[in-house]
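What follows is a single structure, written as structure tokens, with notes after it.
Nothing in this text is a laboratory measurement; each read-out follows from the coordinates by a stated rule. Computed from a predicted structure; not experimentally measured. Positions of Cβ are backbone-derived with ideal geometry, glycine not excepted, and every protein chain shown enters the neighbour counts.
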Amino acid sequence: MKLYSMPHSPFAARVRIQIYHKDLPVEISVPPGFGEPGYKELNPTGKVPALDTGEMIIPESTVILRYLEESCPEPAMLPVDAARRATVNLFLRFADVYIQPALSPLFTEVFERSGDEAALAAKVREVTDVLTLQNQLMNRYAWGAHASLDLADCALAPMVYYCIWLEKLFSANLRLDELEAVGDWWRRVQQREAVASVFKEIDNGLLGMQERLADNGG
């Protein structure tokens, strides 16, 4: 199998965490002609990640996570118990429905730099509110202290990584030190070998992106 991926993509990163944790024989490759019509002929969404199974191209990171979990179930990254599985699915969904929409306006600010301090502060507050909600949910469902890496970890870890990266970039304060459940989970998840490896890849990808922006006068 081959995963079409970009190092700094949080969506591709979640799949790479799963691949590394399961030690799957999947080639990681930059998409040919990414952003150009040629890649859309391969993957009509034109996005990363996309998984080439040899029989079909699977787009969308959550679909890929579930495909790999079903086709390569060991080590398990979804609980057998229905209630615990629902909790993992809740936090997997949370990454896409809550964190990603809150982060997107800050990513836009990275490239456009509107200079509107009030608008920037509002965007930062939205991310803080979402992380506060995550903290509340972690406490309510007692999910943060789980022992084994699961699919929700794969999805959440790159998103929270970017929350912290953007916090530093804009000299903002997301008040993470006040969110005990998120903070405890964050300290643990970074120690996972697969997560740490992917974070290094994101670091390198961001460095390359920032160098390209500088070269282009951004």
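For the chain, the 222 nm mean residue ellipticity estimated from helices alone, with every DSSP H stretch of n ≥ 4 adding -39500 (n - 2.57) and the total spread over all residues, rounds to -20000 deg cm²/dmol.
Out of 57, 152, 44, whose Cα points farthest toward the positive end of the dipole of the chain (charges: +1 Lys, Arg; -1 Asp, Glu; placed on Cβ)? Checking the options against the dipole of the chain, the answer is 152. Using Cβ point charges alone (K and R +1, D and E -1), the dipole size of the chain about the Cα centre works out to roughly 280 debye.
Note on segment 151-197: Cα Rg divided by 2.2 N^0.38 Å, N the number of residues, gives 1.16. The alpha carbon radius of gyration of the chain, expressed as a multiple of 2.2 N^0.38 Å, is 1.03. Working note: Karplus 6.51/-1.76/1.60 with θ = phi - 60° gives segment 113-126 the couplings 6, 5, x, 8, 5, 5, 5, 5, 4, 5, 5, 5, 4, 5 Hz, where Gly and Pro are set to x. Over all distinct Cα-Cα pairs of segment 22-141, the Kirkwood formula returns a hydrodynamic radius of 17.4 Å. With the charge dipole of the chain set up from +1 on Lys and Arg Cβ and -1 on Asp and Glu Cβ about the Cα centre, the Cα lying farthest toward the positive end among the listed residues 80, 132, 173 is that of 80. Its Kirkwood hydrodynamic radius, worked out from the mean inverse distance over all distinct Cα pairs, puts segment 120-218 at 14.8 Å. Can you give the net charge of the other residues whose Cβ lies under 14 Å from the Cβ of residue 108, counting K and R as +1 and D and E as -1? With Lys, Arg at +1 and Asp, Glu at -1, the net is -2.
Take the Cβ atoms of residue 187 and residue 207, set R0 to 35 Å, and the FRET efficiency comes out at 0.90. Excluding same-chain neighbours fewer than eight residues apart, the lysines reachable from residue 40 by a Cα-Cα span under 20 Å are 2.
With only the Cα atoms considered, segment 1-62 has a convex hull volume of 77 Å³ per residue.
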